[in-house]
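A short write-up of the structure that comes next.
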Amino acid sequence: MKCIHLIACLIFFCGFHQIRAAEAFSTSKGKVVVTPINHATMVVEWDGKTIYVDPVGQPDWYKRFPKPDVVLLTHVHGDHYREAVLKVVCRAASTQLVAPPALVGVFGGDLKSKTISLGNGASTDKLGFKLEAVASYNTTPPRKRFHPKGQGNGYVLNLGGKRIYISGDTEGTPEMLALKNIDVAFLCMNLPYTMDVTAAANAVKVFKPKVVYPYHSRGQDTAKFKILVGSAAEVRLRNWYK
């Protein structure tokens, strides 16, 4: 029994990671393929570009993907940002990082020199596609200490006519609710750090993405979220954790 427990621990700490099924969407420049990695981390592939979003965990998790052309970082928390991982996956001189100014401020020189600092509401066309930064923060008073306004970004990726929103850690902010023409949304929901499934469903009913994936949702009843959203959007439940 002790041997089995030891093996299980070794597998966990050595970074065993289940390969997850990718999601694909048509665009005017071929398919965009999104692969869930874990929790808040995903890899987006489109038009010959590979985009890592909040890469954390073990560097081995990313071996089956091309080296990133772009790395999007939402904020400083450890489930979204690990400098040691970035230094491994971002070794290519051509890799471009994007991060909010509050996160850029903690970077070492090597990472900082490769980073576009993008504040809330700003956008850039320097990546081969248009990227928009959407403010991500807590609005409920007891939770404001977790994600203060101005510290984090969500992102809208404009890829061949498709608009893909990745929320980062946030509640249903005015900036989120004002989004238009979102084709695919990856929406966080977990307490106490972001919002519950009811608040997330209410947000979906306002900004009306065509398709929504719950992510960053450990311990939450995503099946209930799907029921609450109803016909307001197509909800796709995927396994980000096992």
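The numbers here are math on the coordinates, done by the rules we state, and not lab data. The model shown is predicted, which means the values in this text are computed figures rather than measured ones. Every residue, glycine as well, gets a Cβ built from its backbone with ideal geometry; the counts of neighbours run over all protein chains shown.
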Semi-axes of the equivalent ellipsoid for the stretch 174-219, Cα gyration tensor, largest first, Å: 18, 11, 8
Linear extension gain, residue 139 paired with residue 238, 0.36 nm per residue minus alpha-carbon span: 32.9 nm
Label point 7 Å beyond Cα of residue 47 along Cβ direction - residues of the stretch 147-163 with amide nitrogen under 11 Å: 158-162
The chain - charge dipole about Cα centre, Lys and Arg +1 at Cβ, Asp and Glu -1, debye rounded to 20: 240
Local electrostatic count, residue 107, Cβ distance below 11 Å [Lys/Arg +1, Asp/Glu -1]: +1
Cα→Cβ-extended label distance, 7 Å offset, between residue 206 and residue 149, nm: 1.3
Relative contact order (percent, whole number), the stretch 18-235, Cα cutoff 8 Å, 6+ residue spacing: 13
Chain lengthening between residue 33 and residue 19 when straightened (0.36 nm per residue, less Cα-Cα): 3.6 nm
Overall Cα dimensions of the chain - principal axes, largest extent first, Å: 49, 48, 40
Overall Cα dimensions of the stretch 38-111, principal axis frame, Å, largest first: 30, 26, 19
Residues whose placed amide H lies under 5 Å from that of residue 137, excluding near-sequence neighbours: 171
